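Here is the structure we will look at, set down as structure tokens.
Nothing in this text is a laboratory measurement; each read-out follows from the coordinates by a stated rule. These numbers come from a predicted model, not from an experiment. Ideal geometry is used to build each Cβ from the backbone, glycine not excepted, and the neighbour counts take in all protein chains shown.
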Amino acid sequence: MVKLLQGDCIERMSGLAEGSIDLTITSPPYDRVRSYRGNNNLWGEHVWKAAIAELYRVTKPGGVVVWVVGDATVKGSETGTSFKQALWAIECGFMLYDTMIYRKLNRQPLNHKRYEQ
């Protein structure tokens with residue numbers, strides 16, 4: 001059975017039983033790169049750390065979390081937030097099985113002096 005839960009992730013997960021989720025696929029805000037109905041300032045380390053910890057609590061042993069994120073570029077350098085999130089997930093107890101970089105077919109034109117992913 002598939003059940004879709006919509007709402008604040010921390011609030012919704014707090015009502016779930018420990019070890020009750022087989023698979024989570026999520027695409028949380030990308031380092032404040034995109035606008036999410038004006039809620040960009042609500043998402044930061046204090047939220048993603050709590051979200052990952054709760055995800056660990058509710059994920060079944062052997063369960064999978066797919067965490068799709070990207071980093072902002074500030075002064076020519078990526079922030080590394082995605083790496084911080086992965087390291088925090090390991091600290092919470094998750095095992096890091098794979099890191100994937102996907103190829104965008106409809107990417108934006110090159111407008112800076114950095115290589116593209």
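Between ILE90, LEU16, PRO29, whose Cα lies farthest towards the positive end of the dipole of segment 16-92 when Lys and Arg beta carbons carry +1 and Asp and Glu beta carbons carry -1, centred on the Cα centre?
With unit charges placed on the Cβ atoms, the residue in question is PRO29.
Report the Cα centroid-to-centroid distance between segment 1-35 and segment 45-101 in angstrom, as an integer.
13
Could you tell me the relative contact order of segment 16-92? Use alpha-carbon pairs under 8 Å, at least six residues apart, and round to a whole percent.
42
Within a Cβ distance under 13 Å of LYS84, other residues only, what is the Lys/Arg minus Asp/Glu net charge?
My count for the surroundings of LYS84 gives -4.
If you place +1 on the Cβ of every Lys and Arg and -1 on the Cβ of every Asp and Glu, how big does the dipole about the Cα centre of segment 16-92 come out, in debye to the nearest 20?
220
Taking the Cα-to-Cβ direction at ILE101 and at THR24 and moving 7 Å from each Cα, how far apart do the two end points lie in nm?
Here the modelled spin labels are 2.6 nm apart.
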